[in-house]
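Quick notes on the structure that follows.
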Amino acid sequence: MRPFLTKEETLAVYLALDDSMMNTYFQSWMPSSVVILSDLASHFIIRKVFKSVTFDEKAEALLDGLRKYVAQVGFVPNYYTGIHINFDLPYDI
């Protein structure tokens, strides 16, 4: 994972990254003392998937309210919320 964390990834490193390697990393992070890392890794491994919300430009103003709600129920919005914008390219390296 170091090449990805230090922005030194290469195509060879990227192509070597597969599901089994990622599962190994996630499982090794589950007992971490870093609570957010442990929680996110656990959610991935036990397939307790977070919900997503689809929105358009009109509803974008409501996003701050959603982030506040996420914080009220005990999650750190910077780690448990995000915006993903779909586009036509299947991969972006």
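Build a GNM of the chain with springs between Cα atoms under 10 Å: which of 39, 56, 19 gets the top mean-square fluctuation?
56
Within the chain, what's the longest stretch lacking trypsin sites (Lys or Arg not before Pro) that sit in DSSP loops with no more than 14 other Cβ atoms inside 10 Å? Mind dumping the intermediate values first?
Working: sites that count: 7, 47, 48, 51.
In the chain, the maximal stretch lacking such sites is 52-93.
Show which lysines lie in cross-link reach of residue 68 when reach means a straight Cα distance below 26 angstrom and same-chain residues fewer than eight apart are skipped.
Correct list for residue 68: 48, 51, 58.
Hey, fewest Cβ within 10 Å first, where do 15, 62 land in order? Write down the numbers at each step before the final one.
Values: 15 8, 62 11.
Placing the least packed residue first, the sequence is 15, 62.
Grab the DSSP H runs of the chain that are 4 residues or longer, score each as -39,500 (n - 2.57), total them, divide by all residues and round the 222 nm result to the nearest 500 deg cm²/dmol. If you can, show how the numbers build up before the last one.
Details: 6 runs with 46 residues, N = 93.
That comes out to -13000 deg cm²/dmol.
Based on the Kirkwood radius over alpha-carbon pairs, what is the Stokes-Einstein translational diffusion coefficient of region 4-46 at 37 °C with 0.692 mPa s viscosity, in µm²/s? It would help to have the intermediate numbers written out before the result.
Details: Rh = 11.3 Å.
It diffuses with D of about 290 µm²/s by this estimate.
Which value, in debye to the nearest 20, gives the size of the charge dipole of the chain about its Cα centre, when Lys and Arg are +1 and Asp and Glu are -1 at the Cβ?
On the way: 8 positive and 11 negative charges, 92 e Å.
Here the chain has a charge dipole of around 440 debye.
State the percent of C-alpha pairs, over all pairs in the chain, separated by a distance greater than 14 angstrom.
Numbers: 3256 of 4278 pairs.
Roughly 76 percent, once rounded to a whole number.
Roughly how many debye, to the nearest 20, is the charge dipole of region 42-86 about its Cα centre, given +1 on each Lys and Arg Cβ, -1 on each Asp and Glu Cβ, and no other charges?
On the way: 6 positive and 4 negative charges, 62 e Å.
Computed charge dipole of region 42-86: roughly 300 debye.
Using the Cβ atoms and a cut-off under 15 Å, what net charge is assigned to the surroundings of residue 45, where Lys and Arg are +1 and Asp and Glu are -1? Before the final figure, lay out the partial values.
Numbers: positive: 47, 48; negative: 19, 39.
My count for the surroundings of residue 45 gives 0.
Where a number appears in this text, it was derived from the coordinates with a stated rule and is not lab data. Keep in mind the model is a prediction, meaning the values are calculated, not measured. All Cβ positions, even for glycine, are placed from backbone atoms using ideal geometry, and neighbour counts span all protein chains on display.
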